[in-house]
1. Go through segment 22-37 and count every residue that is part of a loop (DSSP other than H, G, I, E, B) and among the small types (Gly, Ala, Ser).
2. Which condition number does Asn13 fail, the rest of (1) at pLDDT 95 or above; (2) open to solvent by less than 50 Å² (accessible area, probe 1.4 Å); (3) not basic (Lys, Arg) being met?
3. Given Arg50, Arg35, which one is under 12 Å from the mean Cα position of the chain (by Cα) and basic (Lys, Arg)?
4. Would you tally the residues in segment 22-40 being surrounded by fewer than 13 Cβ atoms within 10 Å (Cβ to Cβ) and within 23 Å of Gln7 (Cβ to Cβ)?
5. Among the numbered conditions (1) surrounded by 11 or more Cβ atoms within 10 Å (Cβ to Cβ); (2) of a type in the set (Val, Ile, Thr); (3) in a loop (DSSP other than H, G, I, E, B); (4) out of contact with any Asp or Glu (no Cβ under 8 Å at 6 or more places or on another chain), tell me where Val19 comes up short.
6. What are the residues in segment 41-62 that are part of a strand (DSSP E or B) and over 22 Å from Arg6 (Cα atoms), if any?
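The values are calculated or read from the model by the stated rules, or taken from the named source; none is laboratory data. Computed from a predicted model, the values in this text were never measured in an experiment. When we count neighbours, we look across all protein chains shown, and the Cβ atoms used for this are built from the backbone with ideal geometry, even at glycine. Surface accessibility is based on the protein's heavy atoms, side chains included, excluding ligands, DNA and RNA. Shrake-Rupley method; radii C 1.70, N 1.55, O 1.52, S 1.80 Å.
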Amino acid sequence: MPPPQRQALLLRNAHLHPVAGPSLPGGSLLAEGGRIVALAAAGQALPPTRTAPLIVDLGGRHVYPGIVAAN
């Protein structure tokens, strides 16, 4: 089992594909404590975090839910 997530993670400039709802090109995903806590479309604000997040710019890459049926 991996160690607990100590720092918030912000993935930005991503093409997000949530389970429910339309895709979010240029969106941001915020994770804290090992869980996704917020998604935001391009230009939308995210909630504040308890710790300064590690920011990763995905350059428009696609992000899908963890369980995807390939067929």
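1. Residues that pass the stated criteria total 3.
2. Against the list (1) at pLDDT 95 or above; (2) open to solvent by less than 50 Å² (accessible area, probe 1.4 Å); (3) not basic (Lys, Arg), Asn13 comes up short only on (2).
3. Residue meeting the stated conditions: Arg35.
4. Looking only at that region, the number is 3.
5. (1)
6. The first filter runs over segment 41-62 and keeps only residues part of a strand (DSSP E or B), leaving 54-57, 62.
Matches in segment 41-62: His62 only.
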